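Q: Structure provided below as structure tokens; questions to follow.
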Amino acid sequence: MKESKFTVRATAEECEQIRKRAESANMSVNRYLIESALHSMLRNDRQLSLLMGQLCSLENHMRGSTDFYELQKKVSDWRQQTMKIMEGC
């Protein structure tokens, strides 16, 4: 099977974002671009693992809190941490 080459133009910022996303997905930049183009959703095992950990921590907060206002604060903090993780998705 003959391989083809593509030339892609991107800004320095775009290149850096692509590199970071490829690294986060444990892929080379080439493989990441191919997978991104051919598949609508890429699996990011690292982020998935972090999000599963976040769900466990939420469950722990729910089970361990006896004070409603303390629980509200913990859930708010949990939400902020989860949103940071999801920014890379």
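The values are calculated or read from the model by the stated rules, or taken from the named source; none is laboratory data. Keep in mind the model is a prediction, meaning the values are calculated, not measured. Every residue, glycine as well, gets a Cβ built from its backbone with ideal geometry; the counts of neighbours run over all protein chains shown.
Q: Just name the residue that is surrounded by the fewest Cβ atoms within 10 Å (Cβ to Cβ) out of those in region 73-87 that are without any contact (Cβ under 8 Å) to a residue 24 or more places away in the chain and not hydrophobic (A, V, I, L, M, F, W, C).
A: If we take residues in region 73-87 being without any contact (Cβ under 8 Å) to a residue 24 or more places away in the chain and not hydrophobic (A, V, I, L, M, F, W, C), then Glu87 is surrounded by the fewest Cβ atoms within 10 Å (Cβ to Cβ).
Q: What is the number of the single condition among (1) part of a helix (DSSP H, G or I); (2) at pLDDT 85 or above that Val8 does not meet?
A: Going through (1) part of a helix (DSSP H, G or I); (2) at pLDDT 85 or above one by one, Val8 breaks only (1).
Q: So, one more: Among the residues of region 34-52, how many are part of a helix (DSSP H, G or I) and surrounded by 12 or more Cβ atoms within 10 Å (Cβ to Cβ)?
A: Result for region 34-52: 8.
Q: A further question follows. How many residues are surrounded by 12 or more Cβ atoms within 10 Å (Cβ to Cβ) and within 24 Å of Ala25 (Cβ to Cβ) if we restrict to region 56-67?
A: Counting residues in region 56-67 that are surrounded by 12 or more Cβ atoms within 10 Å (Cβ to Cβ) and within 24 Å of Ala25 (Cβ to Cβ) gives 1.
Q: The conditions are (1) in a helix (DSSP H, G or I); (2) of a type outside the set (A, V, I, L, M); (3) at pLDDT 85 or above; (4) loosely packed, with under 12 Cβ neighbours inside 10 Å, and Glu70 fails exactly one of them. Which is it?
A: Failing condition for Glu70: (4).
Q: Specify the residue that is nearest to Leu50 (Cα to Cα); the eligible residues are those in region 1-33 that are loosely packed, with under 13 Cβ neighbours inside 10 Å and of a type in the set (Gly, Ala, Ser).
A: Ser28
Q: Against the definition (assigned to a helix (DSSP H, G or I) and hydrophobic (A, V, I, L, M, F, W, C)), how does Val75 come out, yes or no?
A: In short, yes.
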